[in-house]
1. In contact (Cβ under 8 Å) with a residue 24 or more places away in the chain, loosely packed, with under 14 Cβ neighbours inside 10 Å, out of contact with any Asp or Glu (no Cβ under 6 Å at 6 or more places or on another chain) and farther than 19 Å from Arg188 by Cβ - does that describe any residue in region 28-51?
2. Which of the following residues is within 14 Å of Ala105 (Cβ to Cβ) and not hydrophobic (A, V, I, L, M, F, W, C): Asp167, Asp210, Asp192?
3. Checking the condition over 28 Å from Ser215 (Cα atoms) and away from the ligand (no atom under 16 Å from the Cβ), which residue from Phe53, Phe78 passes?
4. Does Thr100 fit the bill of being within 16 Å of the ligand (Cβ to nearest atom), β-branched (Val, Ile, Thr) and modelled with pLDDT under 95?
5. For region 23-52, what are the residues that are closer than 19 Å to Val134 by Cβ, out of contact with any helix residue (DSSP H, G or I) (no Cβ under 7 Å at 6 or more places or on another chain) and outside any helix (DSSP H, G or I)?
Amino acid sequence: LTQTKPLVVAIDGYSSTGKSTIAKGLAANLGLIYVDSGAMYRAVTLFAIRNKFIDADGKVAKKELVDALSEIEISFTFNSSTGKSETMLNGENVEAEIRTPAVAAKVSEISAISEVRTFLVRKQKMMGQKGGIVMDGRDIGTVVFPDALVKIFTTATDDIRARRRYDELQSKGDTSSFEEVKANLLHRDRLDESRSDSPLKQAEDAILLDNSELSLEEQLAWAEQLVRERAGL
Ligand code: DC
């Protein structure tokens, strides 16, 4: 059976459940383009911080930010020395800066703004038009690509997720404590699943992957098999 739908893989799930690792692995093994939609929300958040649309108390000047959205240009560039895709904001490589705790602390609030979502979802849909893409995020299977050929929803226990994020931050020299990292992660999840526009939730036709106990290789082998089956590869 040959599939006629464009090959689009949607991976959604809670923070630090390994979405991007699976997505990148699938992209590498199947020759797909990987798009990190969370990086786009992070880039808008960084833009808001830099332009003082977030004040010292953390209050967001929503109207000013929304009015300035048209000034934001987001793209991805391939770094051939690391073999990784990196996020560009108005021509500047912001890959490291969008991963800082300062951005993480505000990204859920910024991503709850409907106009921000409309702005980014439009770009994301365009990126997937021709297929050959794997995108990870929170609303990819529900909103961005409701017709995706494959939808995966990832989950893992809170402690395992917090440990993963903590280790990742430590390796970058961040000094946040485990408890701080865990609190930020859980807080972000609550905001992401309770917002009114496109809340984080499993699409009805998404397959649940609890990877608490799975190795990377096991997850990837499972996901690759699934995509190959559906795509007739
Ligand atoms: O995947 P991530 O942790 O880099 O995402 C950062 C935040 O961006 C996340 O807390 C919620 C938001 N996000 C979203 O609202 N919709 C997406 N498709 C991806 C991310």
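The values are calculated or read from the model by the stated rules, or taken from the named source; none is laboratory data. Bear in mind the structure is a predicted one, so any value in this text is a computation, not a measurement. Glycine gets a Cβ as well: all are built from the backbone with ideal geometry, and neighbour counts include every protein chain shown.
1. Yes, region 28-51 contains at least one residue that is in contact (Cβ under 8 Å) with a residue 24 or more places away in the chain, loosely packed, with under 14 Cβ neighbours inside 10 Å, out of contact with any Asp or Glu (no Cβ under 6 Å at 6 or more places or on another chain) and farther than 19 Å from Arg188 by Cβ.
2. Asp192
3. Step by step, each of Phe53, Phe78 is checked, and only Phe53 is over 28 Å from Ser215 (Cα atoms) and away from the ligand (no atom under 16 Å from the Cβ).
4. Against the criterion (within 16 Å of the ligand (Cβ to nearest atom), β-branched (Val, Ile, Thr) and modelled with pLDDT under 95), Thr100 qualifies.
5. Matches in region 23-52: Gly31 only.
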